[in-house]
Amino acid sequence: MKYALFRIVIVAVLVLAPAVQAQDYDHPLDYGGVALDHHHGDAALDHGSAVRDYGKEARGGPAVHPLNRDANRAILQQAYADLARGDVPAVLAILDPHVTWTDAEGYPYAGTYVGPATVAEKVFARIGAEWDAYEVAPRTFIAQGGYVVVLGEYRGTYTATGRSVVAPFAHVWQMAGGKVVSFRQFTDGPPWQQAVTP
């Protein structure tokens, strides 16, 4: 588990590294978990160029206009709190109409989904129907430019097998104009597969 968490932290650092060149680093803060009903490829998010190309159209999506990093972090802290209360519509409301949402290989809902309605149907609805006590406990928020990385831990019990999961995660959120334009999940696949396999 410690090794898996180490790998995820390294991924998060590498994702943000291009964006923090020649900029002040915003130290992680805001520890404390909240519950939430909640393929890698060349979509590995070219974060550095996205930040450097501030204001340009990126891959046919909305222009990337990084907000103040504190504002971005506050938006996502509120989103995790909303989900902890089961307020999924509040979270969907901060997603851009063309948001791309990518869940990692090995996660039960791996794949890339486009648009809030698809995310609601393919991710949130399935989690609500298939898991008991599903929880996401964010521990650290790292904000830089138009990106926020959230590090934490998943917990829950898959109802079909009765097996529980504990797995670390890194969530990479890209923000533009106060909306989430992309989400990418990194997590350790084996614990999930052990939980869902009969």
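Odds and ends about this structure:
- Number of positions in the range 135-154 that are within 18 Å of LEU83 (Cβ to Cβ), open to solvent by 10 Å² or more (accessible area, probe 1.4 Å) and modelled with pLDDT under 95: 2
- Selection status of TYR109, farther than 25 Å from ALA176 by Cα and either in contact with a Gly (Cβ under 8 Å, 6 or more places away or on another chain) or not in a helix (DSSP H, G or I) (or both): yes
- Pairing residues of the range 130-143 that are closer than 24 Å to ARG163 by Cβ with residues that are small (Gly, Ala, Ser) and modelled with pLDDT under 95, at Cβ distances under 6 Å and at least 6 apart in sequence or on separate chains, gives GLU135/ALA35; ALA137/GLY33.
- Extreme residue, farthest from GLY146 (Cα to Cα), among residues of the range 53-80 that are at pLDDT 90 or above and surrounded by 16 or more Cβ atoms within 10 Å (Cβ to Cβ): TYR80
A quick yes/no check of all residues on (1) assigned to a helix (DSSP H, G or I); (2) crowded, with 17+ Cβ neighbours inside 10 Å:
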| position | (1), (2) |
| --- | --- |
| VAL91 | yes, yes |
| GLU121 | yes, no |
| GLY128 | yes, no |
| ALA160 | no, no |
| PHE169 | no, yes |
| PRO190 | yes, no |
| PRO198 | no, no |
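The values are calculated or read from the model by the stated rules, or taken from the named source; none is laboratory data. From a predicted model like this one, the values you see are computed outputs, not experimental measurements. Here Cβ is always computed from backbone atoms with ideal geometry, including for glycine, and neighbour counts include all displayed protein chains. Quick note on the areas: whole protein, heavy atoms, side chains included, nothing else; ligands and nucleic acids left out. Shrake-Rupley method; radii C 1.70, N 1.55, O 1.52, S 1.80 Å.
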